[in-house]
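Notes follow the structure.
The values are calculated or read from the model by the stated rules, or taken from the named source; none is laboratory data. Model, not experiment: these values are computed from the prediction. Counting neighbours? That spans all protein chains shown, and the Cβs are built from the backbone with ideal geometry, glycine included. Side chains included, ligands, DNA and RNA excluded: accessible areas come from the protein's heavy atoms. Shrake-Rupley method; radii C 1.70, N 1.55, O 1.52, S 1.80 Å.
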Amino acid sequence: MLHGSKEGTSGAGGGELTVPMAWLYAEYIADELLRTGDLMPPTSFEFRAGRDALALTIFLSDTDGELSGIRVVSQLETWLSLTAYDQPWQHWVRENMGRLAAQALDENRPSPDLELAEAAWRWLEETELLAPDLDSVPGRGPLPDEDGGPKVWTPAWQLGLPLGHLAIHLF
């Protein structure tokens, strides 16, 4: 992303290319975790939902901005706890996105990492995917197969989050 300087001076923010490395690295880690788990085809919307939910978790949990390859394994437990079923993940994401946005505004600097994270979050919230209805209780008859069972439109983040959590477990 190309960002111009607000004051017209050269140096940081002087129109040079700013690469969103923190987001791209978080997305890469999430992609690798999901591919290793081999839970769904990488071209599916479900895969994208899982990757984006995991990437947001990874990006937002890196409070020091220094996520390195060595620290990835040590962070798996943190990511597992953040993506667990009983955690308020959606609220945690909103709080941290708001904090980062306020910080970028206070420092009067653009944040291409945050812009990509916001785009991923918007997609996760606004996109609904047709998924098996996990809350339905089958009647007395035989359990329906995956394709024949009841389905419900589900926000992408609600489908992607458990997929990401499972991918971490499988890693």
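Kindly provide the set of residues from the range 87-104 that are surrounded by 13 or more Cβ atoms within 10 Å (Cβ to Cβ), part of a helix (DSSP H, G or I) and of a type outside the set (Lys, Arg), ordered by number.
Hits for the range 87-104 are TRP89, GLN90, TRP92, VAL93, ASN96, MET97, LEU100, ALA101, ALA104.
Which residue, of GLU95, GLU126, is of a type in the set (Asp, Glu) and within 17 Å of ARG48 (Cα to Cα)? If you could, list the steps in order and put the result at the bottom.
Values: GLU95 fails: within 17 Å of ARG48 (Cα to Cα).
So the residue among GLU95, GLU126 that is of a type in the set (Asp, Glu) and within 17 Å of ARG48 (Cα to Cα) is GLU126.
Could you please find all residues in the range 41-82 being modelled with pLDDT of 90 or more and of a type in the set (A, V, I, L, M)? Result: ALA49, ALA53, LEU54, ALA55, LEU56, ILE58, LEU60, LEU80, LEU82.
Listed conditions (1) at pLDDT 70 or above; (2) farther than 20 Å from GLU118 by Cβ; (3) not polar (S, T, N, Q) are all met by TYR25, apart from (2). Under the condition of being open to solvent by less than 60 Å² (accessible area, probe 1.4 Å), among the polar types (S, T, N, Q) and modelled with pLDDT of 90 or more, the residues counted in the range 135-171 number 1. Among the residues making up the range 105-134, those that are aliphatic (A, V, I, L, M) and either in a strand (DSSP E or B) or open to solvent by 70 Å² or more (accessible area, probe 1.4 Å) (or both) are LEU105, LEU129, LEU130, ALA131, LEU134.
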